[in-house]
Amino acid sequence: MKEALWLVLIAMMILIVGVVRFAFRGQRRLGTPTQRAAHSALRTANLAAPALRTGLNKDAAQRSISHLRDLLGTRGVVVADIEGVLATEGVDAAHCALLTPAIQAALSAGRPQVVTVKDLACADPNFCELQCGVVVPLITDGRIVGVLAALDTTAPAGLLRLCSEVAQFVATQLELADLDRSRRRAVQAELQFLRAQISPHFIYNALTAIASFVRSDPDRARDLLVEFADFIRFSFRSHGQFVTMAEEIRLVDTYLDLERARFGDRLAVTLRVAPEVLGVLLPPFVLQPLVENAVHHGIEPSEHRGHLEIVILDADTEALITVEDDGIGADPGRVRRSLRGTSTDEGIGLHNVDERLRAVFGEERGLTIETALGAGTKVTMRIPKFHSGVGTG
């Protein structure tokens with residue numbers, strides 16, 4: 001029994017020594033003490049950044065404040081906006097009240113405030129760990145939006161400079177959050193603008209086609225009216241930032257049913273879709289405008305029967321989408337102006353789609369358009385299957 005116990009103890013000692021040696025080697029691999037300190041600071045900043053990128057609010061402050069305290073290395077940290085304290089770490093309510101004048105001064109003057117033991121004269125000064133510190137304003141785009149305060153037993157040299165650097169880091173993350181919100185608002189505004197541009201033209205033609213069947217084929221007119229209602233309902237409902245490929249294809253299919261009712265035999269459509277891409281997420285209304293542009297600007301002005309081909313392929317990490325028509329084509333120079341948004345005669349939908357694709361997926365994800373007068377038009381876009389920041393919300 002004793003021998004078994006000794007064997008267990010020896011095995012545990014060997015395990016502990018191995019873990020310690022592994023940890024020591026891991027630290028050595030990071031390099032010098034300066035490099036290890038830099039690595040630790042960067043890692044802590046990266047942990048705080050995601051919460052701050054949601055803006056200056058109570059949830060973001062509470063999620064990030066422990067990491068900010070680690071960056072500052074002080075006993076207490078306070079984050080406040082212009083309305084009041086959002087989160088604290090290591091600071092009680094009594095000290096928050098004592099800190100209020102310094103917070104108000106930093107907010108009104110836009111300059112850091114040094115807090116002394118006189119300012120923080122609490123009920124038990126002999127044993128208090130929070131006797132001095134600094135309060136630094138958070139400034140984004142020239143506006144004072146809040147403060148970051150660091151409190152400690154003593155104020156080491158350089159605390160003001162360190163807190164100012166951390167406050168600048170916080171302000172940068174908040175500015176990035178503002179940019180993200182501005183981008184989403186711009187994308188939504190562009191989407192609303194696209195609806196306003198396309199819908200009147202489509203509504204008039206769809207209702208005209210439905211009216212033509214009211215007497216000759218009432219059942220057909222009723223079916224088309226139901227599809228028209230579905231299209232309008234989908235178009236004007238509140239979408240998230242992304243929809244699935246399947247939803248976008250359904251919208252296109254409904255649109256084409258209404259257009260085929262209007263064109264009859266003059267419009268032939270081929271639709272080929274790889275099942276693997278049906279769940280791919282993309283911004284709403286990027287496929288339907290391309291199809292409408294092909295019908296309206298390519299096939300409708302032609303004197304001949306037109307053919308529209310829509311192909312969506314599974315291309316490894318991407319969904320490859322092409323919309324091709326054999327209509328009248330277009331002047332390449334005018335198409336380039338349309339994509340830049342400098343042409344007012346047509347192509348508003350193309351410009352909108354191109355801008356939104358680039359905004360969401362990057363500059364290299366814009367539309368590729370091949371066309372010439374009398375040679376039809378082919379529009380290509382590549383949608384990544386997986387992309388950071390893409391979700392259904």
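Points worth noting:
- With DNA, RNA and ligands ignored, accessible area of LEU320 (1.4 Å probe; Å², nearest 10): 40
- Rounded to the nearest 20, the Cβ-based charge dipole of the stretch 70-185 about its Cα centre (Lys and Arg +1, Asp and Glu -1) stands at 400 debye.
- Segment ARG53-ARG215, length gained on full extension (0.36 nm per residue, minus Cα span): 52.4 nm
- Modelled FRET efficiency - R0 22 Å, CYS128 with GLN104, Cβ distances, 0.05 increments: 0.50
- Stretchable slack from ALA372 to ARG233, in nm (0.36 nm times residue separation minus alpha-carbon distance): 46.5 nm
- Sites ARG272 and ILE82, calculated FRET efficiency, Cβ-Cβ separation with R0 51 Å, nearest 0.05: 0.35
- 3J(HN,Hα) from dihedral phi, the stretch 163-170, Karplus parametrisation 6.51/-1.76/1.60, rounded to Hz, x for glycine, proline: 5, 5, 5, 5, 4, 5, 4, 4
- Within the stretch 240-353, antiparallel bridges make up roughly 60 percent of the DSSP beta bridges whose residues both belong there.
- Accessible-area rank, largest first, for HIS307, HIS351: HIS307, HIS351, with all protein chains present and a 1.4 angstrom probe.
- Inter-centroid distance (Cα atoms) of the stretch 127-170 relative to the stretch 252-279, Å: 61
- What the Cα atoms of the stretch 43-165 give is an Rg and a Dmax of 13.4, 42 Å.
- The listed residues GLU309, GLU303 rank as GLU303, GLU309 when sorted by accessible area, largest first, using a 1.4 Å probe.
- Magnitude of the charge dipole, the stretch 32-115, Cβ model with Lys/Arg +1 and Asp/Glu -1, debye to 20: 320
- Ligands, DNA and RNA left out, the 1.4 Å accessible surface of the stretch 249-303 is 46% carbon and sulfur atoms.
- Sorted peptide list for 247-258, 358-369, criterion being average Cβ within 10 angstrom, highest first: 247-258, 358-369
- Rounded to 0.05, the FRET efficiency of the LEU42 and ARG143 pair, given R0 = 25 Å and the Cβ-Cβ distance, is 0.35.
- In a DSSP loop and with at most 11 other Cβ atoms within 10 Å, the trypsin sites (Lys or Arg not before Pro) in the stretch 50-130 are LYS118.
The values are calculated or read from the model by the stated rules, or taken from the named source; none is laboratory data. Predicted model only: the values in this text are computed from it and were never measured. Heads up, the Cβs are rebuilt from the backbone with ideal geometry, glycines too, and the neighbour counts pull from every protein chain shown. Remember, those area values only see protein heavy atoms, side chains included, never the ligands or the DNA or RNA. Shrake-Rupley method; radii C 1.70, N 1.55, O 1.52, S 1.80 Å.
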